Structure formats: structure tokens, C-alpha cells
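To start, the structure under review is shown below, and the notes come after it.
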Amino acid sequence: MEKNNTKTIIKIDHASRFYTVGDITVKALNDVSLEIKEGEFTSIMGPSGSGKSTLMNLIGCLDSPSDGNIYIDDQPTFNMDETELAFLRNSKVGFIFQQFNLLSKLTALENVTTPLLYAGIKKKERVERAKAALEKVGLGDRIYHRPNEMSGGQKQRVAIARAIVTNPSIILADEPTGALDSTTGEQIMELFWQLHSEGRTIIFVTHDRNLGYQCLRQVHIKDGHLEDEK
Ligand SMILES: Nc1ncnc2c1ncn2[C@@H]1O[C@H](COP(=O)(O)OP(=O)(O)O)[C@@H](O)[C@H]1O
Ligand SMILES: [Mg+2]
């Protein structure tokens, strides 16, 4: 992957996301502006309920802002419809979640091939690419295991393989080590460094200050606002 550290790959321009529940409007994100350059490895830290997942969903085109704009690779997502958002998401973004979000009835290999199925790639290539992704995360010998036959760390490796099998330039990880012990968390962090060394842009949401401060840049969020960068 070509590395060009001057290009802005994610631009958040005065973005807000309000949720209305009954009579109450929750300002989950309130006038947030942030630029992320290609190849950056950034942590997003903040207390529970501060808007971290809301911000990730906007960056990952799972949701669009109530106000303001988000540009992914110079493309504005405000006013995009579901189909356009899905296209951008599938072509540029890999997601990793705290609870792995694997399909429990499928093997590791089948879980990792799933995004390629949606991308319309033929079976032989799907299997080859999924095997290569699983080997890359150190699970070449577990491809026929199902989630309930794997440890938490192994499940997260499968989820990482699934996130990278489409070769996305942006990796969004929402508390990826939150359900793991600290040693396993460090091992998962190693994998993120590997993805970073390939030129991918990584955004890593964490509660863990130790892991957060290992990232190259820190962004702090509180009550839907970004705090000054340190
Ligand atoms: N779908 C939703 N409907 C209503 N309120 C929501 C929804 N999602 C999140 N919120 C609220 O928005 C705020 C930010 O949530 P979230 O982004 O999940 O925080 P974090 O990931 O930092 O814990 C919280 O107050 C939460 O209750
Ligand atoms: Mg969250």
C-alpha cells in the first residue's frame, strides 16, 4: 500500500449527532472537528457514554451526522443514502468490535470469507484470501474452528482477519481489547502495529490508558466534545 503521510483520509468537519428519545435529545456528538492523515495510528479515549462509538459509526459510514460533514477520502458522507454509505464502507473500512461479532455457527474460515461474499468474489478466491488473512493473524491452524472452540484472543484474531480480508485502507477498532486480559490485549495490539506498518490508517478506541498512549496520537473525548490534544 502506498504511504503518503500528508494526505487527509478522514476529515470531520463540525459534525454533530443527536439522538431523540421521547422528549429528550441526547447530544452524543456536539460540533466535533478532526482530521486524520493517511497511515496515522490514533487512539480515541474517553469515559463511557462520551460519544466514542457514535464517532466511530460516523467515520465508518454506519451512520451519518445530524449536522456538519464527514469526508472519507475526500468524499462527503452528509446526505449520502444507505446504498452510497454501504459502498464507501465496504470499499474502505474494516471494523473490529469489543465482542468480536462473529457468526457462531460458522467456522473461522467461513466468518472471514463473509465480506468477500458480499463483494461478489468467487469461491476459490474467497477461500484463498480468507486463509491468507487467517495465517497473517497467526490462526492458520484454526481455520475450521468455530467461535465457541476458540479463546477470546483467538476470536478477536478471526475478527481482525475478517476486517482485513477486503484490504481496507482504514481500520476502526471499537474497544478491541475490552473483553480480553491485559497480556492478550498486548498481543492484539502487536497485530495492530503490523497493520499500521502496512500503511493502513488505524483508529483505536480504548478505555485502557496504557494501550491508548502506545498509539502515535491520542484524541480525548468527553460529553460529545473533543478535548485539546496533548
Ligand atoms: N441509538 C441511540 N439512541 C439514543 N441514544 C444513544 C444511541 N446511541 C448512543 N446514545 C447515547 O449517546 C451517548 C454516546 O454514546 P456512545 O457513542 O455509545 O458512547 P461511548 O462509546 O463513548 O460509550 C450516550 O449518552 C448514549 O446513551
Ligand atoms: Mg462505545
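The values are calculated or read from the model by the stated rules, or taken from the named source; none is laboratory data. On a predicted model such as this, the values are computed, not experimentally measured, just so you know. Every residue, glycine as well, gets a Cβ built from its backbone with ideal geometry; the counts of neighbours run over all protein chains shown. Side chains included, ligands, DNA and RNA excluded: accessible areas come from the protein's heavy atoms. Shrake-Rupley method; radii C 1.70, N 1.55, O 1.52, S 1.80 Å.
If you scan the range 204-221, which residues turn out to be out of contact with any helix residue (DSSP H, G or I) (no Cβ under 7 Å at 6 or more places or on another chain), outside any strand (DSSP E or B) and open to solvent by less than 10 Å² (accessible area, probe 1.4 Å)? The answer is Gly212, Cys215. So, Thr166, is that one in a loop (DSSP other than H, G, I, E, B) and open to solvent by less than 40 Å² (accessible area, probe 1.4 Å) or not? Yes, satisfied. Summed over the range 1-19, the residues that are of a type in the set (Ser, Thr, Tyr), at pLDDT 95 or above and open to solvent by 50 Å² or more (accessible area, probe 1.4 Å) give a count of 1. Looking only at the range 20-33, decide whether some residue is farther than 21 Å from Leu195 by Cβ, open to solvent by less than 10 Å² (accessible area, probe 1.4 Å), touching a strand residue (DSSP E or B) at 6+ places or on another chain (Cβ under 9 Å) and near ligand 1 (Cβ under 8 Å from one of its atoms). So far as the range 20-33 goes, yes, one or more of its residues are farther than 21 Å from Leu195 by Cβ, open to solvent by less than 10 Å² (accessible area, probe 1.4 Å), touching a strand residue (DSSP E or B) at 6+ places or on another chain (Cβ under 9 Å) and near ligand 1 (Cβ under 8 Å from one of its atoms). Filtered by the rule that a residue be assigned to a strand (DSSP E or B) and within 12 Å of ligand 1 (Cβ to nearest atom), the range 68-100 gives a lone residue, Phe97.
Run Phe192 past the list (1) open to solvent by 70 Å² or more (accessible area, probe 1.4 Å); (2) touching a residue at least 60 places away in the same chain (Cβ under 8 Å) and report the number of the one that doesn't hold. Going through (1) open to solvent by 70 Å² or more (accessible area, probe 1.4 Å); (2) touching a residue at least 60 places away in the same chain (Cβ under 8 Å) one by one, Phe192 breaks only (1). Of the residues making up the range 48-58, not a single one is part of a strand (DSSP E or B), modelled with pLDDT of 95 or more and touching a Leu at 6+ places or on another chain (Cβ under 8 Å). Put simply, of Pro47, Pro65 the only residue that is within 16 Å of ligand 1 (Cβ to nearest atom), within 16 Å of Asp223 (Cβ to Cβ) and either open to solvent by 10 Å² or more (accessible area, probe 1.4 Å) or under 19 Å from the mean Cα position of the chain (by Cα) (or both) is Pro47.
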